[in-house]
Amino acid sequence: MDPARYEIVPIGIARDGRWRLRVDAISSLKQSAPRLKALGHGGIPVSLPPYPHGRLLQEKSTSNGARRTKSGNGNAELPPLDLVFPVLHGTFGEDGTIQGLLELAGVPYVGAGILGSAIGIDKDIQKRLLRESGVPVVRYFSLTQAEAQNDPGRIRRLADELGYPLFVKPNALGSSIGVSRVTSMAALGGALKGAFQYDRKVLLEAGCEGREFECAVLGNDDPQASVVGEVMVHRRHRFYSYESKYVDPHGAEVKIPADLPQPLSDRIRKLSAAAFKALGLRGMARVDFLARADLGQCFVNEVNTIPGFTAISMYPKLWEATELPLPRLIDRLIELALEEHRQRARLKFTYQPKA
């Protein structure tokens, strides 16, 4: 972010869910992220009231002398927020919950709204909407924990219908956590047990092993798609797992732009924008694709409403290759968020019957 344009207020969220204002948040994250450690304790405990209140963060202590005012309830208030840029993944960050809080507080924010975020994290509902809109997805079945317990034979029938290898996934999670590649019925029970640790619904998904592509989307009502990139997973990982993404520095590599025939590249870009609109998204998303090795079939695997956003992440790299560098990309996302907030602010939320 351009320091001449923006005053950054870094807020860290601890594992217990508490918000802390951390002036050293950026340096702390840089030091701890490579070792997968949590952000340390410390900083100023803050909260955001769930009602329009001048976009003010509140804190209990005024001991550090920061610039703030007193609220009517005795809490201290920091300067008002103009906008929140959520760089969060998974539960409570990408699923519509934090977006709901920001809506209640009347604070503009970058990215999809409540509904789009909730749909984006729910693989089953997402795939249903995409399929209804004519966007191709792989064959799959959803299965609740109760259904798995009450009718074990159904699991075998669904797996046999999909064929092996298949993938078992928690329904509402990300980063490939809890995902297993299953090559036989003998391994299916363990895969389901692992996935049910993270969700009460899981997906059994037909395998589509070949090539994986990603495309970035930017916009509100008129979304634009970037060039297409390819993710190449090293064979020892078998699929794009959590370990290949975040733990093994050589687990995967990306190629931008992907080596694709122009008609297929154009189709992927068109499908990316179509998926974005079908799910009612705003601001940004990254659309992930699976393709057969011969490129005869291509499917949307999933849509991520808050893609990775480091300087080396796929989303900004795809836009950089589309001649939109990271600083300008951030500017554009902020512009889109403020545009969306202004449009929503013009809507009526109360009704007064005529006398």
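The values are calculated or read from the model by the stated rules, or taken from the named source; none is laboratory data. None of the values given here were measured: they were computed from a predicted structure. Glycine gets a Cβ as well: all are built from the backbone with ideal geometry, and neighbour counts include every protein chain shown.
Here Ala273 fulfils each of the conditions (1) small (Gly, Ala, Ser); (2) under 20 Å from Arg211 (Cβ atoms); (3) at pLDDT 95 or above apart from (2).
Would you call Leu130 buried (at least 22 other Cβ atoms within 10 Å of the Cβ), among the aliphatic types (A, V, I, L, M), over 15 Å from the mean Cα position of the chain (by Cα) and not assigned by TED's automatic domain parsing to the domain that holds Ile177? For Leu130, the condition - buried (at least 22 other Cβ atoms within 10 Å of the Cβ), among the aliphatic types (A, V, I, L, M), over 15 Å from the mean Cα position of the chain (by Cα) and not assigned by TED's automatic domain parsing to the domain that holds Ile177 - is met. Taking Val182 as the residue in question, decide whether it is over 30 Å from Tyr109 (Cα atoms), β-branched (Val, Ile, Thr) and surrounded by 16 or more Cβ atoms within 10 Å (Cβ to Cβ). When the stated conditions are applied, Val182 passes them. Taking the condition under 27 Å from Ile125 (Cα atoms), free of Cβ contacts under 8 Å to residues at least 40 places away in the same chain and of a type in the set (Lys, Arg), does Arg292 pass? So Arg292 does not fit the description; no. For region 138-150, the criterion of being at pLDDT below 90 and assigned to a strand (DSSP E or B) is met by none of the residues. The helices (runs of 4 or more DSSP H) falling completely within region 249-345 that include 1 or more residues that are exposed (fewer than 14 other Cβ atoms within 10 Å of the Cβ) map to 262-278, 326-345. When the residues of region 19-50 are filtered to those that are in contact with a Pro (Cβ under 9 Å, 6 or more places away or on another chain) and closer than 19 Å to Val107 by Cα, the one that is modelled with the highest pLDDT is Trp19. Criterion applied to Asp160, Asp221 was being exposed (fewer than 14 other Cβ atoms within 10 Å of the Cβ), without any contact (Cβ under 8 Å) to a residue 60 or more places away in the chain and within 28 Å of the chain's Cα centre (by Cα), and the one residue passing it is Asp221.
Residue count for region 79-117 satisfying the condition of being outside any loop (DSSP other than H, G, I, E, B) and over 10 Å from the mean Cα position of the chain (by Cα): 14.
If you go through region 170-228 and pick out every residue that is aromatic (Phe, Trp, Tyr) and not assigned by TED's automatic domain parsing to the domain that holds Lys270, you end up with 2.
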